[in-house]
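*Asks:* Please find one structure pasted underneath; my questions will follow.
The values are calculated or read from the model by the stated rules, or taken from the named source; none is laboratory data. Note that the structure is predicted; figures quoted are calculated from it, not measured. Methodologically, a virtual Cβ is constructed for each residue, glycine included, from the backbone with ideal geometry; neighbour enumeration extends over all protein chains shown.
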Amino acid sequence: MALLTIENLSVAIEDKALLHGVSMEVGSGETHVLMGPNGAGKSTLGFTVMGSPEYKVTGGKILFDGADITAESPDKRAKRGIFLSFQNPVEIPGITLSDFLRSALEQVEGERIKLWAFKKQLKAAMDVLQMDAAYAERDLNVGFSGGEKKKAEILQLLMLKPRLAILDETDSGLDVDAVRTVSAGIAAYRESCGGSLLIITHNTKILEALQIDRAHIIADGRIVREGGAELVAEINANGFEHLTGKGAI
Amino acid sequence: MRQKTQVADIDRSLYDFRYDEDAADFLNSGITPEIIREISEEKNDPEWMREFRLKSLEIYSRMKMPVWGPPVDGLDMRNIVTYIRPKSRMNTDWNNVPAHIKETFERLGIPQAERESLAGVGAQYDSELVYHNVRKEVAQSGVVYTDLESAMHDPKYAEIIRMHFMKLVPPGDHKFAALHGAVWSGGSFVYVPAGVKLEIPLQSYFRLNAKGAGQFEHTLIILEENSDLHFIEGCSAPKYYEAGLHAGCVELYVGKGAKLRYSTIENWSKNMYNLNTKRALVEEGGRIEWVSGSFGSHVSYLYPMSILNGRGASAEFTGITFAGEGQNLDTGAKIVHNAPETSSHIDTKSISKSGGISTFRSAVTVHENAVGSRSSVSCESLMLDGISRSDTIPAMDIRTDKCDIGHEAKIGRISDDAVFYLMSRGMDEQAARAMIVSGFAGNVSKELPLEYAVEMNNLIRLEMTGAVG
Amino acid sequence: MAAKQLNLLPAPTFSWLGVNGTEREIYDDVANEITVSGCEDPVKRITVDASANVKVSGSQNPQLVVMHINAEHAAVQTAVCAGAGETIKLVQIVSGGTNILKLDAELADNASLELVQIYLNTADAVSGAEIRMNGRKSVFTSYIGYNLTNDNTLDISLNIVQNGKKSESNTTVRGVLREHAKKIFRGTIDFRNGAVGACGTEQENVLLLDETVVNKTVPVILCAEEDVAGSHGATIGQIDPKHIFYMQSRGIPEAQIYEYLAQSQLGSIVRQIGDAETESGVSRMLGRETADE
């Protein structure tokens, strides 16, 4: 049985249909990539799987580990082991990154966590990401640069160790070094818990270091093509146009 | 042509002209019940209106001057003649308008404007409408656009006017509203039936043309369900050395799902006290859009109020105020959220130059029942020199938790970097500064019909560099 | 006892808003005289439980003065004088009954004053401050936090007068209102002519947690100088649904998020106190557990 099953999923935001009958499966421990041009519905899929109240499911369902989670609140999904890295994580003044992570970790693990154990774990994770320890005591995402925000998201991934991580454009706007660091973080996550990955991207740089099990191409809210890692190479060479039927010569 | 680098005043030659007052019926300066009765008699007011005027006068004499805002001590009410009527009567044919009045309007460009795309012109010369015409197709759609005084005597509209007149702005609202109630004269009445959407804007252009004369026109606009109107009010008055007073009143009723845009470019001469009251009542799903430019007047108190009274009603206010030498312009907006899911947005710019004082003043109130409402206010002020003044005095009164209210304000000067950047592309400093100020005013100019936007940009350019173009 | 007009708005506005000032009875009881100047301790803690006149002046060494104001009813006047180059930090923790506070501060050249005010469940507090930044390059930084519930009322007026060239002021206000709490915050940045190169910012963020609260915010900027930069902002209302979703997506249930964010609302203000003992005391009063166990 697949870890994540999306069945014929249709989604709208304020009466505007964004996804039309999307189906896909992500198996335990697998790495999938979801690609497509801007506005194709990639982020919509990520937000819907996480349960954002902004996106309304108008048809189909989402199963996680066999349970129908279509109507579940985001925190329940998080407790089941779903994680979404945000493209634009919100800034929350007054709460430090460290405070926040500890609360989240206690929720996900369902027990209180000793401070020293937490600090040690946090330090190790920050080292992987070459993050200055001072960031832990800064307010959550407040005044973080684009790159720092991305790293803070991956830090949470490393700490929360979800069963499925959906990474939404984690590589966009990063320089080469930062992409390398983020990739190292993703590798560390795989190593530590063997979780599944669904990587949403429209470029392929971040995928170089990863073993891709399956690629899904989305356009205009529909899956238009699926295949193995070779599909990524094909996109690299030819772009999306020939797959989506748009701009074909 | 070389541009003059500094001009203390807008070049008003286009506007500063007037003709000797002919023997219009001057009433005594100062206001007494006798004068009010005379006005009422002269206008052949219905009984209720005469009572209304007298009651307003009583309120006026009781009320105190506002305790906040710019000083109005230069204003001596005993010297304001409240009612001047030129000899001409209502005309619907331009050819019958007396030559000198016609010339005044021609110099203001009204007939041309009409030819160009305006639906109708109701031009108030002194206190009476002297020229009036609504294009046929507008009239055929059932839209009524006429002067308020004759509409009051028309059995078709008498009752609707009685039901709405000064109900939104009651005479007890403030001292100058009471004065208005007592001595109002002239103005427009617009009625748009349900479902009618006017594609072209209606325009009114009025001005003062008698020494020491007050102007008290009343505008009453009623939009029925799902109708749509853009009304443009433009003002310009010639220059006088005695203080003039403008205490007009605008009442706008926006029905369910209707949309009204009310645009004003105010350019009174710089001796005018402009104490104008404007208010809109917006029903469920309706929308009011104010576009407001304040350039003229010696002193202004102007804060159009939007009362959002039905679920989902919305208001938008876009304004610019340019205070130059000798001007104290106190402008802004008031919003009352009085129903669920209402929304409002205020976006204003103000510029102070050559000793001018501009004040942005606002009030956003969110009542207990306005659950799910939103409001955002953004105001920016630009100081063009160190002898001017710019104040920002917003207030918010919020009485429900289910709302999102945002406010931001900025004050500063033209950035040296921006000037340098433009100069590095070949502009001289004055032109660069003028361009930056025009850009600053872009929030308003992009909301105006083209010919008004061009006129406004010319005003700004004149004030900045002393030349147009 | 005499009624007195307090917290007058430097530039009055529409009377019907009821924000131009407030009126209270002043109890003319004998005030304690407290003087703090050039003290040798790095931190000076004062407990004020009755009317008092407090005078704070600086010295060569930076100074931290922490005042706990908690009285049934009291009038507390504080005068701060920061001389040339002096650095003073004043912390006022206010709770209790009817407390009328007045703060007058004067800043000379290169002087620096940091003000932290925290209002916790004040039954009825009226707090007015006038900061006169006469000195060139003087710096004023303030952090104001409030947590109000029941029928608490709080009426604040902060008037920052910037006379000094290149003077700089920064004001951050964060608060939570619950139940029938009522609050007015008037914050004025007044750039006087001649304050060339001055800048001032002010930001208020108010979290409203019950439909019965009343919040009034009046952020004023007065400006008579060209070469200045001023800004103010206010955000008032409920918790941003985006924040709720983000925190939920990391596993925190919705009901807990409200409590968490309400407690954190003042977190960044409390952290500015800079005195561990006071910080943990305030955190306890806010019902927030301390980080160390």
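*Asks:* Which ones in the stretch C:56-86 are over 18 Å from the mean Cα position of the chain (by Cα), under 22 Å from C:A108 (Cα atoms) and not hydrophobic (A, V, I, L, M, F, W, C)?
*Replies:* Listed by number, the residues that qualify are C:S57, C:G58, C:S59, C:Q60, C:N61, C:P62, C:Q63, C:G83, C:G85, C:E86.
*Asks:* Here is a follow-up. Given (1) crowded, with 17+ Cβ neighbours inside 10 Å; (2) over 24 Å from C:I156 (Cα atoms), where does C:C81 come up short, assuming only one miss?
*Replies:* (2)
*Asks:* If we scan the stretch B:355-364, do we find a residue that is within 9 Å of chain C (Cβ to nearest Cβ), more than 20 Å from the chain's Cα centre (by Cα) and either modelled with pLDDT of 95 or more or in a strand (DSSP E or B) (or both)?
*Replies:* No, that holds for no residue.
*Asks:* Would you be able to tell me the number of residues in the stretch C:244-253 that are within 7 Å of chain A (Cβ to nearest Cβ) and closer than 15 Å to A:E54 by Cβ?
*Replies:* Residues that pass the stated criteria total 4.
*Asks:* Just to check your reading of the model, which residue among A:S85, A:S28, A:S23 is touching a Leu at 6+ places or on another chain (Cβ under 9 Å), farther than 27 Å from A:A152 by Cα and in contact (Cβ under 8 Å) with a residue 24 or more places away in the chain?
*Replies:* So the residue among A:S85, A:S28, A:S23 that is touching a Leu at 6+ places or on another chain (Cβ under 9 Å), farther than 27 Å from A:A152 by Cα and in contact (Cβ under 8 Å) with a residue 24 or more places away in the chain is A:S23.
*Asks:* Please find, within the stretch A:113-133, the residue that is nearest to the other protein chains (Cβ to nearest Cβ) out of those that are modelled with pLDDT of 90 or more and exposed (fewer than 12 other Cβ atoms within 10 Å of the Cβ).
*Replies:* Per the stated criteria, the residue is A:K120.
*Asks:* Restricting to the stretch B:30-68, what's the tally of residues that are part of a loop (DSSP other than H, G, I, E, B) and either of a type in the set (S, T, Y) or under 20 Å from B:Y273 (Cα atoms) (or both)?
*Replies:* Of the residues in the stretch B:30-68, 9 are part of a loop (DSSP other than H, G, I, E, B) and either of a type in the set (S, T, Y) or under 20 Å from B:Y273 (Cα atoms) (or both).
*Asks:* Moving to a separate point now. Looking at this structure, is C:G145 within 25 Å of C:R45 (Cα to Cα), of a type in the set (G, A, S), crowded, with 20+ Cβ neighbours inside 10 Å and touching a helix residue (DSSP H, G or I) at 6+ places or on another chain (Cβ under 7 Å)?
*Replies:* So C:G145 fits the description; yes.
*Asks:* For the stretch A:12-26, does any single residue satisfy the condition of being at the interface with chain C (Cβ under 10 Å from one of its Cβ atoms), surrounded by fewer than 22 Cβ atoms within 10 Å (Cβ to Cβ) and β-branched (V, I, T)?
*Replies:* No, there is no match, as no residue in the stretch A:12-26 is at the interface with chain C (Cβ under 10 Å from one of its Cβ atoms), surrounded by fewer than 22 Cβ atoms within 10 Å (Cβ to Cβ) and β-branched (V, I, T).
*Asks:* Which of the residues that make up the stretch B:279-311 are at positive phi and in contact with a strand residue (DSSP E or B) (Cβ under 8 Å, 6 or more places away or on another chain)?
*Replies:* Scanning the stretch B:279-311 gives a single hit, B:S297.
*Asks:* Considering only the stretch C:254-283, how many residues are surrounded by fewer than 16 Cβ atoms within 10 Å (Cβ to Cβ), within 14 Å of chain A (Cβ to nearest Cβ) and among the charged types (D, E, K, R)?
*Replies:* Qualifying residue count for the region: 2.
*Asks:* Hey, can you tell me all the residues within the stretch A:138-163 that are among the aliphatic types (A, V, I, L, M) and within 16 Å of the chain's Cα centre (by Cα)?
*Replies:* Once the filter is applied, which keeps residues that are among the aliphatic types (A, V, I, L, M) and within 16 Å of the chain's Cα centre (by Cα), the stretch A:138-163 yields A:A152, A:I154, A:L155, A:L157, A:L158, A:M159, A:L160.
*Asks:* Working carefully through the options C:T201, C:T217, C:T212, find the one that is away from chain A (no Cβ under 14 Å), hydroxyl-bearing (S, T, Y), under 27 Å from B:M396 (Cβ atoms) and surrounded by 21 or more Cβ atoms within 10 Å (Cβ to Cβ).
*Replies:* It is C:T217.
*Asks:* Would you confirm whether or not the stretch B:275-295 contains a residue that is charged (D, E, K, R) and buried (at least 24 other Cβ atoms within 10 Å of the Cβ)?
*Replies:* Yes; the residues of the stretch B:275-295 include at least one that is charged (D, E, K, R) and buried (at least 24 other Cβ atoms within 10 Å of the Cβ).
*Asks:* Going by the structure shown, is B:A370 modelled with pLDDT of 95 or more, at the interface with chain C (Cβ under 10 Å from one of its Cβ atoms) and either surrounded by 24 or more Cβ atoms within 10 Å (Cβ to Cβ) or touching a helix residue (DSSP H, G or I) at 6+ places or on another chain (Cβ under 7 Å) (or both)?
*Replies:* For B:A370, the condition - modelled with pLDDT of 95 or more, at the interface with chain C (Cβ under 10 Å from one of its Cβ atoms) and either surrounded by 24 or more Cβ atoms within 10 Å (Cβ to Cβ) or touching a helix residue (DSSP H, G or I) at 6+ places or on another chain (Cβ under 7 Å) (or both) - is not met.
*Asks:* Any residue at all in the stretch A:66-81 that is surrounded by 22 or more Cβ atoms within 10 Å (Cβ to Cβ), at the interface with another protein chain (Cβ under 9 Å from one of its Cβ atoms), touching a residue at least 40 places away in the same chain (Cβ under 8 Å) and under 22 Å from A:I199 (Cα atoms)?
*Replies:* Yes, because at least one residue in the stretch A:66-81 is surrounded by 22 or more Cβ atoms within 10 Å (Cβ to Cβ), at the interface with another protein chain (Cβ under 9 Å from one of its Cβ atoms), touching a residue at least 40 places away in the same chain (Cβ under 8 Å) and under 22 Å from A:I199 (Cα atoms).
*Asks:* Moving on to the next point. For the stretch C:186-196, state whether one or more residues are part of a strand (DSSP E or B), modelled with pLDDT of 95 or more, of a type outside the set (A, V, I, L, M) and under 25 Å from A:I95 (Cβ atoms).
*Replies:* Among the residues of the stretch C:186-196, at least one is part of a strand (DSSP E or B), modelled with pLDDT of 95 or more, of a type outside the set (A, V, I, L, M) and under 25 Å from A:I95 (Cβ atoms), which makes the answer yes.
*Asks:* Among the residues of the stretch B:135-185 satisfying the criterion of being assigned to a helix (DSSP H, G or I) and among the acidic types (D, E), which is surrounded by the most Cβ atoms within 10 Å (Cβ to Cβ)?
*Replies:* Looking at the filtered set, the residue picked out is B:E149.
*Asks:* When you scan the stretch C:29-140 for strands (runs of 3 or more DSSP E) that lie fully inside it, which ones turn up with 1 or more residues that are of a type in the set (D, E) and in contact (Cβ under 8 Å) with a residue 24 or more places away in the chain?
*Replies:* Filter on the stretch C:29-140 gives C:63-82, C:87-107, C:112-120, C:124-133.
*Asks:* Which of the following residues is without any contact (Cβ under 8 Å) to a residue 12 or more places away in the chain and at the interface with chain C (Cβ under 7 Å from one of its Cβ atoms): B:D385, B:D391, B:D401?
*Replies:* On inspection, the qualifying residue turns out to be B:D401.
*Asks:* If you don't mind, another one. Would you mind listing the strands (runs of 3 or more DSSP E) fully within the stretch A:3-49 where at least 3 residues are in contact with an Asp or Glu (Cβ under 7 Å, 6 or more places away or on another chain) and acidic (D, E)?
*Replies:* none
*Asks:* Please go through the stretch B:319-328 and give me each residue that is crowded, with 23+ Cβ neighbours inside 10 Å and over 13 Å from the mean Cα position of the chain (by Cα), ordered by number.
*Replies:* Within the stretch B:319-328, B:F322, B:A323, B:G324, B:Q327 meet the criteria.
*Asks:* Which one of C:N163, C:N159 is within 22 Å of B:A409 (Cβ to Cβ), in contact with a Lys or Arg (Cβ under 6 Å, 6 or more places away or on another chain), surrounded by 19 or more Cβ atoms within 10 Å (Cβ to Cβ) and at pLDDT 95 or above?
*Replies:* C:N163
*Asks:* Now for a different question. Among residues belonging to the stretch C:110-140 that are within 10 Å of the chain's Cα centre (by Cα) and not hydrophobic (A, V, I, L, M, F, W, C), point out the one that is surrounded by the fewest Cβ atoms within 10 Å (Cβ to Cβ).
*Replies:* That would be C:G128.
*Asks:* Shifting gears a bit: Need the failing condition index for B:D401 against (1) surrounded by fewer than 20 Cβ atoms within 10 Å (Cβ to Cβ); (2) of a type in the set (D, E); (3) modelled with pLDDT of 85 or more, just the number.
*Replies:* Going through the list (1) surrounded by fewer than 20 Cβ atoms within 10 Å (Cβ to Cβ); (2) of a type in the set (D, E); (3) modelled with pLDDT of 85 or more, B:D401 breaks only (1).
*Asks:* Given the options A:G94, A:G110, name the one that is over 23 Å from A:G27 (Cβ atoms), crowded, with 21+ Cβ neighbours inside 10 Å and within 10 Å of another protein chain (Cβ to nearest Cβ).
*Replies:* Residue meeting the stated conditions: A:G94.
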